[in-house]
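The values are calculated or read from the model by the stated rules, or taken from the named source; none is laboratory data. On a predicted model such as this, the values are computed, not experimentally measured, just so you know. Here the Cβ positions follow ideal geometry from the backbone for every residue, glycine too, while neighbour counts run over all protein chains shown.
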There are 2 protein chains.
Amino acid sequence: MSHPYLIGVDLGGTNTVFGIVDYNGNIVCESSIKTQSYPDIHEFVEACVRSITPLMNQVGGRQFIGGMGIGAPNANFYTGTIEEAPNLPWKGKVPLVQLLSELLGMKVVITNDANAAAMGEMVYGAARGMRHFVVITLGTGVGSGIVIDGQLVYGSDGFAGELGHMIIDTSPHARLCSCGRRGCFETYCSARGIIWTAKELMESGRPTLLQELADQGKELSALEIYKAARQGDELAIETFRRTGETLGATCANITTFCSPEAYIFFGGPMRSHEFIMPALKETYNRSVLPIYRNRCQFLLSELMDRNAAVLGAAALVA
Amino acid sequence: MSHPYLIGVDLGGTNTVFGIVDYNGNIVCESSIKTQSYPDIHEFVEACVRSITPLMNQVGGRQFIGGMGIGAPNANFYTGTIEEAPNLPWKGKVPLVQLLSELLGMKVVITNDANAAAMGEMVYGAARGMRHFVVITLGTGVGSGIVIDGQLVYGSDGFAGELGHMIIDTSPHARLCSCGRRGCFETYCSARGIIWTAKELMESGRPTLLQELADQGKELSALEIYKAARQGDELAIETFRRTGETLGATCANITTFCSPEAYIFFGGPMRSHEFIMPALKETYNRSVLPIYRNRCQFLLSELMDRNAAVLGAAALVA
């Protein structure tokens with residue numbers, strides 16, 4: 001191939017990071033700009049080009065670049081736009097792909113972060129060689145990227161794959177989600193959801209290291225719960241076990257849809273995989289429809305120690 | 001095209017029906033055999049060929065046939081087999097595609113009934129021109145066929161699209177499904193599920209025409225509930241309203257997966273669409289994640305008065 005390099009762009013609310021990625025998924029050079037410094041989208045696009053140009057020169061010039069992929073919140077693959085992203089400075093629909101591809105003269109593709117993560121796993125990570133898998137990203141929320149027969153599922157409008165907002169608890173007092181509805185998957189399995197579970201368990205007054213942290217005025221975090229679990233704290237361990245059970249039961253439902261060969265988990269809370277995974281697998285295989293039992297793999301992302309967002313974005317044009 | 005006709009086969013527990021289908025979805029001739037008369041699969045396949053041969057001759061011979069599609073319970077698209085179908089006479093994995101394609105010398109494709117129904121809608125029915133839709137078949141159980149970007153979703157193992165067994169009620173006393181688990185979609189929205197809802201409502205002792213039927217020793221059916229609803233029976237109307245609410249809430253969850261442009265409903269219970277659809281649409285748009293609101297169509301199958309099973313099977317090779 002005449003294009004040994006790809007550009008991956010991780011467009012976030014604070015920073016926009018650019019990386020030049022080679023065939024093997026190495027980021028050979030990178031740069032970044034402050035997203036919020038450019039309230040005008042045209043100025044933002046020009047700043048992008050200024051930041052990327054020296055990177056391209058470093059690898060021999062634009063003619064060695066196969067294209068640019070962008071992972072961004074509220075991005076639409078079909079329209080190439082970012083639509084009403086609450087944490088970005090631009091209002092309405094922003095035609096980012098059109099603006100960048102005109103200025104750069106190359107193929108530009110955009111999608112949301114979780115879809116980019118799924119492509120990253122397929123091209124550079126744990127899903128290499130797979131054609132049917134689901135990536136679940138656990139962070140502040142829960143994101144998902146669904147790959148069926150080697151293709152990302154974008155749906156009719158580009159907004160498919162929002163499994164974080166599947167309603168998995170139908171009881172009237174289910175947890176209230178930031179989307180305004182009750183019982184969404186992400187209210188249980190995001191970092192916030194895990195903290196929520198721990199706090200619910202703490203209400204019983206059981207002794208736990210986490211109560212000591214709370215008494216010291218420290219804010220509970222998924223990391224603190226993990227540290228406590230590592231020290232044998234029963235309540236912290238139960239928090240992750242319950243998280244694993246919910247993940248397992250939810251994956252069992254997702255399987256009725258697309259019967260993937262693997263689920264791949266990404267994100268900070270999966271540092272606690274030693275406490276989450278056993279309950280996840282046990283619950284999945286116990287609760288899934290029998291025809292699917294013991295057929296599915298549950299894997300950790302292979303991009304967690306690398307710049308997954310940049311690699312995933314580059315993978316969009318691989 | 002040199003093949004103006006296709007063969008559609010509806011392989012059921014009682015009858016196996018063969019139809020020759022033309023470009024426009026007309027069944028130009030058909031025949032059938034008794035499935036249970038052939039406990040040996042080789043004898044069954046020979047009987048199929050004997051039944052089909054005069055049909056092929058009627059349209060000018062085998063050279064005018066583009067292929068054969070089969071809709072059958074527990075059929076696997078990838079392997080071409082029927083696997084452990086409880087209502088069919090053959091045990092284990094039956095390599096039906098291999099046996100038939102060898103004898104007939106043509107392309108043979110098999111999948112389950114609901115997937116065939118989805119292909120039928122795309123080629124001959126309500127989904128013509130659509131690339132993203134979900135067909136939900138309401139019968140004794142609930143089946144589904146999911147089409148993403150014009151392709152049926154088979155998943156990694158051929159068993160994707162079993163949405164009837166999504167667990168939609170997570171309460172401990174949720175309805176017990178024939179699969180042995182609780183809270184499956186089909187326990188609420190199949191014909192049996194609808195009767196279950198009516199019987200639950202009748203437990204309150206409210207006056208209803210359905211109680212009169214029960215008192216006469218008549219078995220309740222979805223059709224009897226429909227007749228009562230048409231006569232203004234409040235309990236019967238509420239039964240369908242609740243069915244619509246459950247369908248709407250479940251479709252809202254399915255949308256987070258594949259964001260289709262339409263849901264298409266097939267099967268006897270949809271005769272009562274005038275009572276089901278308003279609640280379905282209202283619940284869907286109220287409960288779906290806001291980005292999806294008012295974007296989706298809810299349609300009735302256009303194959304319900306035709307031989308949908310034969311047409312759907314033929315559509316597999318269209």
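Looking at region B:303-310, is at least one residue closer than 24 Å to B:ASN112 by Cβ and either at pLDDT 95 or above or of a type in the set (Asp, Glu) (or both)?
Within region B:303-310 (the criterion being closer than 24 Å to B:ASN112 by Cβ and either at pLDDT 95 or above or of a type in the set (Asp, Glu) (or both)), the answer is yes, since at least one residue qualifies.
Counting just the residues of region A:171-194 that are assigned to a loop (DSSP other than H, G, I, E, B) and charged (D, E, K, R), which one comes out nearest to A:GLY267 (Cα to Cα)? Outline the logic, then answer.
Just the residues of region A:171-194 that are assigned to a loop (DSSP other than H, G, I, E, B), to begin with: A:171-175, A:177-181, A:183, A:185, A:190.
The next check asks that each one be charged (D, E, K, R); those that pass are A:175, A:181.
On the way: A:ARG175: 22, A:ARG181: 24 Å.
Out of the qualifying residues, it is A:ARG175.
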(message) Against the definition (surrounded by 13 or more Cβ atoms within 10 Å (Cβ to Cβ), polar (S, T, N, Q) and in contact with a Gly (Cβ under 7 Å, 6 or more places away or on another chain)), how does B:THR53 come out, yes or no?
(response) no
(request) Answer with yes or no whether A:VAL135 is touching an Asp or Glu at 6+ places or on another chain (Cβ under 6 Å), without any contact (Cβ under 8 Å) to a residue 60 or more places away in the chain and surrounded by 20 or more Cβ atoms within 10 Å (Cβ to Cβ). (result) no
(request) Among what's in region A:137-155 and is at negative phi and in contact with a Cys (Cβ under 8 Å, 6 or more places away or on another chain), pick the residue that is farthest from the other protein chains (Cβ to nearest Cβ). (result) A:LEU138
(request) Output the number of residues of region A:1-28 satisfying the condition of being surrounded by 15 or more Cβ atoms within 10 Å (Cβ to Cβ), assigned to a strand (DSSP E or B) and of a type outside the set (Asp, Glu). (result) 13
(request) Spot the failing condition for A:GLU121; the list is (1) touching a residue at least 12 places away in the same chain (Cβ under 8 Å); (2) more than 14 Å from the chain's Cα centre (by Cα), and only one is missed. (result) (2)
(request) Residues that are buried (at least 19 other Cβ atoms within 10 Å of the Cβ) and within 12 Å of chain B (Cβ to nearest Cβ): find the helices (runs of 4 or more DSSP H) completely inside region A:195-306 holding 3 or more of those. (result) A:234-258
(request) Please find, among B:GLY25, B:GLY66, B:GLY80, B:GLY61, the residue that is at positive phi, more than 22 Å from the chain's Cα centre (by Cα) and not assigned by TED's automatic domain parsing to the domain that holds B:VAL142. (result) B:GLY61
(request) Could you grab me the full set of residues in region B:169-190 that are within 10 Å of another protein chain (Cβ to nearest Cβ) and crowded, with 24+ Cβ neighbours inside 10 Å? (result) B:CYS184, B:PHE185
(request) Please indicate, with yes or no, whether at least one residue in region A:232-240 is modelled with pLDDT of 95 or more and under 22 Å from A:GLY161 (Cα atoms). (result) no
(request) Look through A:ALA229, A:ALA252 and report the one residue that is closer than 28 Å to B:TYR154 by Cα, in contact (Cβ under 8 Å) with a residue 40 or more places away in the chain and either more than 16 Å from the chain's Cα centre (by Cα) or not assigned by TED's automatic domain parsing to the domain that holds A:ILE148 (or both). (result) A:ALA252
(request) For region B:55-74, enumerate the residues that are within 29 Å of B:ALA85 (Cα to Cα) and modelled with pLDDT of 95 or more. (result) B:LEU55, B:MET56, B:ILE65, B:GLY66, B:GLY67, B:MET68, B:GLY69, B:ILE70, B:GLY71, B:ALA72
(message) Scan region B:271-280 and tell me whether some residue there is in the same structural domain as B:ALA249 (by TED's automatic domain parsing), touching a residue at least 12 places away in the same chain (Cβ under 8 Å), touching a helix residue (DSSP H, G or I) at 6+ places or on another chain (Cβ under 9 Å) and within 27 Å of B:GLY69 (Cα to Cα).
(response) no
